[in-house]
Structure formats: structure tokens, C-alpha cells
Amino acid sequence: MQRKAIIFDKDGTLVDNSMWPRIPCDELYPFAAGAVRLANQAGFLTIIMSNQPWVSRGLMDVNEVELVFLSIEAQLQENGARLDAYYYSTHAKSLGHPFTKPLPGMIWQARQDMDLDLGQSWMVGDSVDDVLAARAAGVRVALLETGLPADPLVLKPDLYAANCLEALKAILSEGEIE
């Protein structure tokens, strides 16, 4: 049986991306665990998908990236939220690797791994790359104000919200946030 998911971007969505990742953890936005918890309670799988080009730039290694994701997972658990999976690409976007957003490879891999119903799933993210990856995979998308500047009038997301918690509230109520 296919399952629905909320696919969260990491930087600018769940954690502040104004500084590149602090090792060994990224500090969650105050509202992030609440958003993941709402998705859990509504029966969505919760997944993080993130470009992590720091590795290809030689600024971090894969073990350090893993520590960041494990720290995020632990922080979510401490706040009563569950993360079902995380995916990341260590490739530079300029290389056009299929797992690097804006290409939909990570979403397609999660569909295969977790038997996702992409038509019932959402991407929640803060960037053009998140919107483009979601669109290419047939996933609805909520664009957030918390990260990289992106024009909702140009991108036409299914939903535009102040942050991931407000996006989840709107997704669950099938309403829209103005």
C-alpha cells in the first residue's frame, strides 16, 4: 500500500541556513519539531531531503554530514517528533547529478524505498530548487519565507507560508495561508 509523505528540505526549512552547518548539529528552528510532529500525527511519513554540497567543496566529509542529520533526528525525538528517513546529495549542483535538487532523483529514490504515493505527498521547502524538484516528481509543494528568497508569483507553489509549521497547519486543513 502506497503511503503519503511530507518531504522537508533541511536548510532554511527546519534549520537556519544563515550560517553553514555547525558540527555536530544544526539547531532546529523553534517551530520545526511541531511541524514534524503534526505530520506524524496526521499519518504522513516524514523525510528530509537536502543538497549538501559541502562535501564536494571539501568543507565537510560524509561522516560530518551524517552527524548533522543524526543530531537533527535526535532533537526531533527529544521534542516528540519522528523522522522516518533522510536523503542528501553531496554533489555540486553544477554537475547535474540526478540526486541533486532541482532534479527529482532523491524523491524518486524515496518513492522506491518507502512505496510513496507522490500524488498524496508534499515537499515543504524554501527555495526554487525545492519547488522544481517537487514539480518534476509530481509532488505538491509548499514554499516558505524562512530561507532563500524566492518569488511565489513566479514559482506558483501550491501553498506559500511563513514557516514549516504554518505550512503543515494549512496542508492538514486543506486551507491556504495568505
Some residue of the stretch 32-42 being at pLDDT 95 or above and assigned to a loop (DSSP other than H, G, I, E, B): yes
Ile7 being assigned to a strand (DSSP E or B), of a type in the set (A, V, I, L, M, F, W, C), in contact with a Leu (Cβ under 7 Å, 6 or more places away or on another chain) and modelled with pLDDT of 90 or more: no
Restricting the stretch 159-177 to residues that are modelled with pLDDT under 95 and among the acidic types (Asp, Glu), the residue that is surrounded by the most Cβ atoms within 10 Å (Cβ to Cβ): Glu176
All positions within the stretch 134-158 that are of a type outside the set (S, T, N, Q) and touching a residue at least 60 places away in the same chain (Cβ under 8 Å): Ala134, Val139, Leu144, Gly147, Leu148
Complete set of residues in the stretch 120-138 that are touching a helix residue (DSSP H, G or I) at 6+ places or on another chain (Cβ under 6 Å) and of a type in the set (Val, Ile, Thr): Val124, Val131
Among the residues listed as Leu116, Leu70, Leu14, Leu76, the single one being more than 21 Å from Gly147 (Cα to Cα), buried (at least 21 other Cβ atoms within 10 Å of the Cβ) and modelled with pLDDT of 90 or more: Leu116
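The values are calculated or read from the model by the stated rules, or taken from the named source; none is laboratory data. Bear in mind that the values here come from a model prediction, so they are computed numbers and not experimental data. Positions of Cβ are generated from backbone atoms using ideal geometry, with glycine treated the same way; all protein chains shown enter the neighbour counts.
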